[in-house]
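Have a look at the structure below before the remarks.
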Amino acid sequence: MQSSDTFLLESKLKRLKISFSKENGKIMISQAKRDYVILIGLVFFPLLFGICATVFLIVGDGEIYLQHFKKIIFFIVFFYTLGIGSLFRILIKHKENKDIKILGYKEIILKTKETSTRFDAHTIDFFDYTVEKMEEEVYHGTLYLIDTNQNEHLLMGFDAETEQYVTDDLQWFVNYFEQHVQLNS
């Protein structure tokens, strides 16, 4: 594999916040990194503000309550939706990237807690992906390895703000992995 392709792979993984390391000429792709800024900013604070708004609604002054009832309800729904939605996005990303993928010479090894499976050009049929809309402006993409027995193996999952970004990244990963294992050679 060319070093420019490897550099681009590392850049894409960094941008998508998916952990990787290099050992003995192999690239190990593992769990999605915990992004504490997103965890605090998009999960903790919105849920805290939602709780505060709920408490204010329950024990608040009757006059303020009547004047701003619709705004308070809007903020409660907004903060809970933002916090819980962001938490689900983080949990999905971690679940889809929990297994270790080792990119060796013309091979991909998938390691789970129970098994370790080696794939190469003779055992891989093709790579496939799906893109789905999660929220208003968030799209989630998932990349799969399809073996010669038509079994689907999850390689990675990530999300972005536009469908085109997710689709372009997934197509790039498909091309990269096909070249890596020399699937169409």
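The values are calculated or read from the model by the stated rules, or taken from the named source; none is laboratory data. Bear in mind that the values here come from a model prediction, so they are computed numbers and not experimental data. With ideal geometry, Cβ positions are generated from the backbone for all residues, glycine too; neighbour counts draw on all protein chains shown.
Can you tell me which residues in region 1-35 are in a strand (DSSP E or B) and either acidic (Asp, Glu) or within 18 Å of residue 93 (Cα to Cα) (or both)?
18, 19, 20, 23, 28, 29, 30, 31, 32, listed by residue number.
Would region 63-76 turn up any residue that is surrounded by 13 or more Cβ atoms within 10 Å (Cβ to Cβ), of a type outside the set (A, V, I, L, M) and at pLDDT 90 or above?
Taking every residue of region 63-76 in turn, at least one turns out to be surrounded by 13 or more Cβ atoms within 10 Å (Cβ to Cβ), of a type outside the set (A, V, I, L, M) and at pLDDT 90 or above.
Testing residue 154 on (1) of a type in the set (A, V, I, L, M); (2) surrounded by 20 or more Cβ atoms within 10 Å (Cβ to Cβ); (3) closer than 18 Å to residue 89 by Cβ; (4) in contact with a Ser or Thr (Cβ under 9 Å, 6 or more places away or on another chain), one condition comes back false. Which one is that?
The single condition residue 154 does not satisfy is (2).
Any idea which of (1) touching a helix residue (DSSP H, G or I) at 6+ places or on another chain (Cβ under 6 Å); (2) among the small types (Gly, Ala, Ser); (3) touching a residue at least 40 places away in the same chain (Cβ under 8 Å) is the one residue 50 doesn't satisfy?
Answer for residue 50: the failing condition is (3).
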